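Input: a single structure, listed below in structure tokens.
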Amino acid sequence: MNQGENVLCIQESFTHKYMQDKQFLRFCEVSDYRTFTTYFRLRSETETDERYKQIIPYIIVKCGQKYFVYNREHSGEQRLNGKLSIGIGGHVNDEHLTEITNVCTEIFEELGRRTYEVYFRDNLCEYSNQQFLNTCKGFIYDNTTPVGRVHLGLLFELYVTHEFVSDGEIHDNRQWNRWMDINEIKEIKDKFENWSKIVIEHYLCKGYSDDF
């Protein structure tokens, strides 16, 4: 964790208005997201300041009817170590500047150069940041923990035509990564990190995931 970096945040007024009693909210249910001001703030200050929510793009990857699942065996976040995840993501800092740049960087770092270039780069390069934000599926907010109360997830769903084996950090440092359908995922739901559990219960199990 780099406490000296500046990370993109949104004020608490957004979660207060829309997510006091919700862990997931579909993007189409929010008409004025872009009217809420976002800021770059020092990460060390926002880790405990619930007036601000650190924005985390959270990307699920789908191939046919299966989703990419991996083990956070050596995560930079100690609290996530050993948990399964269905999402790839990280903070938007002032080097990324935009959500689309952050997503490209995270996929590159997590899945490796070859996987990024072969499966994602061309499709992602088609988007402006505004166009990419329009593909957002929803918001993730876990107010049951102190860490959850200072983060807001933006859920995106990306599609690939072939199941890949990661050549990046996941392949080298995690115990395994594999493709699983929704029934297989539900059988081991308790092994996932909190945000993945929220996505599974409130997005995948409700049939909101796009057919592909």
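Rounding to the nearest 10 and keeping the result within 0 to 90°, find how far the Cα-based axis of helix 99-111 lies from the longest principal axis of the chain. Helix 99-111 sits at roughly 40 degrees to that axis.
Counting only DSSP beta bridges with both residues in segment 6-204, what percent are antiparallel, rounded to the nearest 5? Counting DSSP beta bridges with both partners in segment 6-204, the antiparallel share is about 70 percent. Spatial offset of segment 13-71 relative to segment 85-164 amounts to 11 Å, using the alpha carbon center of each. The packing ranking, built from the mean of other Cβ atoms within 10 Å per residue, places the peptides 154-163, 123-132 in the order 154-163, 123-132, highest first. Residues whose amide H comes within less than 5 Å of that of residue 192, counting only those at least five positions distant or on another chain, are 84 (H built at 1.01 Å from N in the peptide plane). A Gaussian network model of the chain, with springs between Cα atoms under 10 Å, assigns the largest mean-square fluctuation among 24, 139, 36 to 36. Using a cut-off of 24 Å between Cα atoms, the listed pairs 22/191; 62/83; 17/186; 66/197; 17/189 include 17/186; 17/189 as exceeding that distance.
For the chain, with a Gaussian network of springs between Cα atoms less than 10 Å apart, report the residue from 153, 87, 112 with the top mean-square fluctuation. Result for the chain, Cα springs under 10 Å: 112 fluctuates most.
For the chain, a Gaussian network of Cα nodes joined below 10 Å ranks 107, 86, 188 by mean-square fluctuation, and the top entry is 188. Rounded to the nearest Hz, the phi-derived 3J(HN,Hα) couplings of segment 88-97 under the Karplus curve 6.51 cos²θ - 1.76 cosθ + 1.60 (θ = phi - 60°) are 10, x, x, 5, 8, 9, 6, 8, 6, 6, where x marks glycine and proline. Working value for the chain: equivalent-ellipsoid semi-axes of 25, 19, 18 Å, each the square root of 5 times a Cα gyration tensor eigenvalue, largest first. The H on the amide N of residue 209, modeled in the peptide plane, is under 5 Å from the matching H of no residue at least 5 residues off or on a different chain.
Straightening the chain between residue 50 and residue 13 buys 12.3 nm, computed as 0.36 nm per residue apart minus the Cα-Cα spacing.
Readers should treat all values here as calculations from the given coordinates under stated rules, not as data from a laboratory. Remember, predicted model here, so these are calculated numbers, not experimental data. Note that we place each Cβ from the backbone using ideal geometry, even for glycine, and neighbour counts take in every protein chain shown.
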